[in-house]
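In what follows, a structure is listed as structure tokens, so that the remarks can point back to it.
The values are calculated or read from the model by the stated rules, or taken from the named source; none is laboratory data. On a predicted model such as this, the values are computed, not experimentally measured, just so you know. With ideal geometry, Cβ positions are generated from the backbone for all residues, glycine too; neighbour counts draw on all protein chains shown.
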Amino acid sequence: MTVRAVLGIRRWRHNPVCRATDRHEAWVALSALVVMVLAAPVLGWSVGSATDDVLARSVRAQHELIRPTTAVVVRASTGRPRFAADPEAAVTADSARTSVVADWTAPDGTPRTGTVSTGSARTTPGSHVRIWTDAQGRPAMRPMDTATAHTHAVLAGVGAALLAIGLTELARRSVVWQMMQRRYDRLDRAWAEVGPDWGRTGTGS
């Protein structure tokens with residue numbers, strides 16, 4: 001609809017039956033198309049770039065505070081784990097996870113023990129699993145990686161561009177609807193003036 005209205009600018013430019021509202025509608029459509037083609041991608045790129053910078057700083061901060069370490073499995077556990085372990089294991093939402101009690105050493109050398117959840121198949125006592133801890137050696141969730149941060153930034157940019165396109169089209173439709181309403185109002189007023197005399201002798205109709 002927008003493209004057809006834009007093409008109407010050239011078609012109606014020298015058309016003697018072209019109404020002013022037709023030209024106005026075409027110019028509104030052209031403005032909307034320019035925003036969709038040029039402004040929306042620029043906005044999406046800006047939002048994506050800004051989001052990527054913020055997430056990149058967050059990733060660096062997380063990796064400075066949270067470090068991977070190796071824990072030794074002590075025994076199986078039915079208790080609720082405090083954090084996810086073994087970041088090197090391929091874990092999905094449907095993959096089997098096992099809760100184990102494990103020992104590890106904090107950065108200051110303090111021994112720690114806790115219940116962890118791991119997707120590793122190596123869960124027998126004495127097995128080694130990878131876990132994440134903070135600077136004090138306390139259990140921590142795995143920090144976001146760079147690839148995930150980039151993916152979120154791309155999705156944010158694409159979402160911003162699509163939102164801009166959608167809002168632009170919504171604004172165009174709103175403006176055109178208002179133009180049509182004013183056109184109908186003028187027609188109603190014109191008909192109200194000449195309607196009562198329509199078809200009468202000597203009225204010129």
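From the list Arg173, Arg130, the lone residue that is under 34 Å from the mean Cα position of the chain (by Cα) and within 16 Å of Val72 (Cβ to Cβ) is Arg130. Look at region 173-194: where a residue is closer than 28 Å to Ala32 by Cβ and a partner is surrounded by 11 or more Cβ atoms within 10 Å (Cβ to Cβ) and among the β-branched types (Val, Ile, Thr), sitting 6+ places away or on another chain with Cβ atoms under 9 Å, you get Val175/Val28; Val176/Val28; Met179/Thr21; Met179/Val28; Met180/Thr21; Arg182/Thr21; Arg183/Thr21. A search for C-beta distances below 6 Å between a residue of region 29-58 that is part of a helix (DSSP H, G or I) and any residue that is among the basic types (Lys, Arg), counting only pairs 6+ apart in sequence or on different chains, returns Ala32/Arg172.
Evaluated against (1) touching a Pro at 6+ places or on another chain (Cβ under 6 Å); (2) exposed (fewer than 12 other Cβ atoms within 10 Å of the Cβ), Thr110 falls short on exactly one condition, (1).
Could you tell me whether region 88-103 includes any residue that is loosely packed, with under 12 Cβ neighbours inside 10 Å, at pLDDT below 90, closer than 21 Å to Ile66 by Cα and not aromatic (Phe, Trp, Tyr)?
Quick first cut of region 88-103, residues loosely packed, with under 12 Cβ neighbours inside 10 Å only: 88, 90, 92-96.
When the remaining residues are screened for being at pLDDT below 90, the result is 88, 90, 92-96.
Add one more test, that the residue is closer than 21 Å to Ile66 by Cα, and what stays is 88, 90.
Cutting the leftovers down to not aromatic (Phe, Trp, Tyr) gives us 88, 90.
For region 88-103, residues loosely packed, with under 12 Cβ neighbours inside 10 Å, at pLDDT below 90, closer than 21 Å to Ile66 by Cα and not aromatic (Phe, Trp, Tyr): present.
When residues in region 118-151 are screened for being assigned to a loop (DSSP other than H, G, I, E, B) and farther than 17 Å from Ser58 by Cα, 12 of them pass.
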